[in-house]
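K.L.:
After the C-alpha cells below, expect a handful of questions from me.
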Amino acid sequence: MFKEKIDEYKTALGVLESLDGLEVYSYLIEKGKELNKDALSVDRQISENKVTQCMYDLYVDKEDGRFKAWSEATIAAGYAFILVDIFNSMTEEEAQTVNIKDFEEMELEKKLTMNRQTGYFQMIEIMIKKVQ
C-alpha cells in the first residue's frame, strides 16, 4: 500500500505543478485544513513530538493506534496530512523497512522551499523512528 500512496501523491502533485506551480501550495493548504479536522490532541502536542525544524508549531505522534499531526501553519499541515496518510496506510512489514529515500520518489520536497524541506524531512525521520 505504501508504494501506491507514494505514486498517488506524486501523480497528483505533478499534475498540479504542470498546471501552475502555485496549485501545489493551494493543494497543501486544503490538505492542511483536512489534517486539523482530526488533529493530534493538545495533550500529545509536547516537545518529544515536535518537529523542531519547522518554522511553525508542528507535532506528530501515534494516537488511538494511528498517526495524527497538528500544525498552525497550513502548508506544513498539508505535507503533514500527506505523511500521516502514507504512514497510516503502511503494513507492519513496510513500516519496518521504510526509509527516508523512499519518500524522495514522491518528489514533494522539490516543490517546497528550503525551510519547509527541513521540517518535512525531520517529520519523516520522527515518524520512521516511531514505527521501527
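K.L.:
Calculated FRET efficiency, LYS10 and ASN99, Cβ-Cβ r, R0 22 Å, to nearest 0.05? Please list the in-between numbers first.
P.N.:
Working: r = 17 Å, r/R0 = 0.77.
Taking R0 as 22 Å, the efficiency between LYS10 and ASN99 is 0.80.
K.L.:
Okay, moving on. Which whole-number value in Å² is the accessible area per residue of the chain, probe 1.4 Å?
P.N.:
Averaged over the residues of the chain, the accessible area is 52 Å².
K.L.:
A further question on this structure: With a cut-off of 16 Å, note down the residues of region 93-132 whose backbone N falls inside the zone around a label point 7 Å from the Cα of GLU48 toward its beta carbon.
P.N.:
126-132
K.L.:
What does the C-alpha gyration tensor say about the overall shape of region 92-132? Classify as rounded when a/c is under 1.5, otherwise prolate if a/b is larger than b/c, or oblate.
P.N.:
Verdict is oblate for region 92-132.
K.L.:
Measuring from label point to label point, each 7 Å out along Cα→Cβ, what is the GLU109 to VAL131 span in nm?
P.N.:
For the pair GLU109/VAL131, the computed spacing is 1.7 nm.
K.L.:
Then there's this: In whole Hz, with x marking every Gly and Pro, tabulate ³J(HN,Hα) for region 94-108 from phi via Karplus 6.51 cos²θ - 1.76 cosθ + 1.60, θ = phi - 60°.
P.N.:
Couplings: 4, 4, 6, 10, 5, 9, 4, 4, 4, 7, 5, 4, 6, 6, 5 Hz.
K.L.:
A further question follows. What ranking do 41-52, 74-85, 3-14 get when scored by the average of other Cβ atoms within 10 Å per residue, highest first? Mind showing how you got there, number by number?
P.N.:
Numbers: 41-52: 13.1, 74-85: 23.7, 3-14: 15.0.
Averaged packing, sorted descending, gives the order 74-85, 3-14, 41-52.
K.L.:
Continuing with the same structure: Would you mind working out the magnitude of the charge dipole of region 1-82 relative to its Cα centre, with +1 at each Lys and Arg C-beta and -1 at each Asp and Glu C-beta, to the nearest 20 Debye?
P.N.:
180
K.L.:
Putting +1 on Lys and Arg Cβ atoms and -1 on Asp and Glu Cβ atoms, find which of SER18, MET1, CYS54 reaches farthest to the positive end of the dipole of region 1-79.
P.N.:
Value computed over the given set: MET1.
K.L.:
Here's something else I'd like to know. For TRP70, what charge total do you get from the other residues with a beta carbon under 13 Å from its beta carbon, if Lys and Arg give +1 and Asp and Glu give -1?
P.N.:
Net charge in that neighbourhood comes out at -2.
K.L.:
Further question on the same structure: How much of the accessible area of the chain, in percent, comes from carbon and sulfur atoms when a 1.4 Å probe is used?
P.N.:
C and S fraction of accessible area: 50 percent.
K.L.:
Counting only C-alpha contacts under 8 Å and six or more residues apart, can you give the relative contact order of region 41-84 as a whole percent?
P.N.:
27
K.L.:
While we're here: With a cut-off of at most 16 other beta carbons within 10 Å, and DSSP calling the residue loop, which chymotrypsin sites (Phe, Trp or Tyr not before Pro) in region 40-70 qualify? Please list them.
P.N.:
Sites meeting the loop and neighbour criteria: TYR56.
K.L.:
Let me see the P(r) profile for the chain: every Cα-Cα distance counted, bins of 10 Å, each bin given as a percent of all pairs.
P.N.:
13, 48, 34, 5, 0
K.L.:
Gap in Å between the Cα centre of region 15-83 and the Cα centre of region 97-132?
P.N.:
13
K.L.:
Once you keep just the Cα pairs under 8 angstrom separated by 6 or more residues, what percentage relative contact order results for the chain?
P.N.:
So the answer I get is 30 percent.
K.L.:
Output the pairs from LYS33/LYS129; LYS31/LYS130; LYS50/LYS130; LYS5/LYS101; LYS3/LYS50 with a Cα-Cα distance over 20 Å in this structure; if there are none, say none.
P.N.:
Long pairs (Cα-Cα over 20 Å): LYS33/LYS129; LYS31/LYS130; LYS3/LYS50.
The values are calculated or read from the model by the stated rules, or taken from the named source; none is laboratory data. Computed from a prediction, not measured in an experiment: that's the story for all the values here. Because the Cβ atoms are built from the backbone with ideal geometry, glycine has one as well, and the counts that use them run over all protein chains shown. For the accessible areas, the whole protein counts, side chains as well, though only heavy atoms, and no ligand, DNA or RNA atoms are used. Shrake-Rupley method; radii C 1.70, N 1.55, O 1.52, S 1.80 Å.
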